[in-house]
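Note sheet for the following structure.
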Amino acid sequence: RDTFGVFYGSTNRGGTGNCAATHCGTVFALTAPATPGGAWTHTTLANFNGPNGGDIVATPTFHLGSLYGTGEYGGANDLGVVYQFTP
């Protein structure tokens, strides 16, 4: 969670591309409703498509304004990625 109360997370499915063949994933934000009982807002921040990362396996860590996480696929020789995303 950041200082504004926005929660961040990741998925190991979803994203863009042919996810059944290449593995995918997303990084997302959840923003609390402006009024109690209202709807939360979901925003997809990053889409993984296989080559740029896939099967995102860990909840991202928020550090100094950026999110960091890992994926089992993508990168050189499809051996996985470590990503940094700055919202």
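The values are calculated or read from the model by the stated rules, or taken from the named source; none is laboratory data. Keep in mind it's a predicted model, so treat the numbers as computed, not measured. When we count neighbours, we look across all protein chains shown, and the Cβ atoms used for this are built from the backbone with ideal geometry, even at glycine. Just so you know, the surface numbers come from the protein's heavy atoms only, side chains and all, with ligands and any DNA or RNA stripped out. Shrake-Rupley method; radii C 1.70, N 1.55, O 1.52, S 1.80 Å.
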Any residue in segment 32-41 that is free of Cβ contacts under 8 Å to residues at least 40 places away in the same chain, assigned to a strand (DSSP E or B) and loosely packed, with under 15 Cβ neighbours inside 10 Å? yes
Within segment 52-87, the residues that are modelled with pLDDT of 85 or more, of a type outside the set (Ser, Thr, Tyr) and outside any strand (DSSP E or B) are Asn52, Pro60, Leu64, Gly65, Gly74, Gly75, Ala76, Asn77, Asp78, Leu79, Gly80
Looking only at segment 64-87, count how many residues are surrounded by fewer than 17 Cβ atoms within 10 Å (Cβ to Cβ) and among the aliphatic types (A, V, I, L, M). 4
Test result for Thr26, free of Cβ contacts under 8 Å to residues at least 40 places away in the same chain, surrounded by 15 or more Cβ atoms within 10 Å (Cβ to Cβ), in contact with a Ser or Thr (Cβ under 7 Å, 6 or more places away or on another chain) and of a type in the set (Ser, Thr, Tyr): yes
Return yes or no: is Thr61 within 20 Å of Val82 (Cβ to Cβ), open to solvent by 40 Å² or more (accessible area, probe 1.4 Å) and either touching a residue at least 24 places away in the same chain (Cβ under 8 Å) or within 15 Å of the chain's Cα centre (by Cα) (or both)? yes
Those residues of segment 1-23 which are more than 20 Å from Val82 (Cβ to Cβ) and open to solvent by less than 40 Å² (accessible area, probe 1.4 Å) amount to Asp2, Gly5, Val6, Cys19
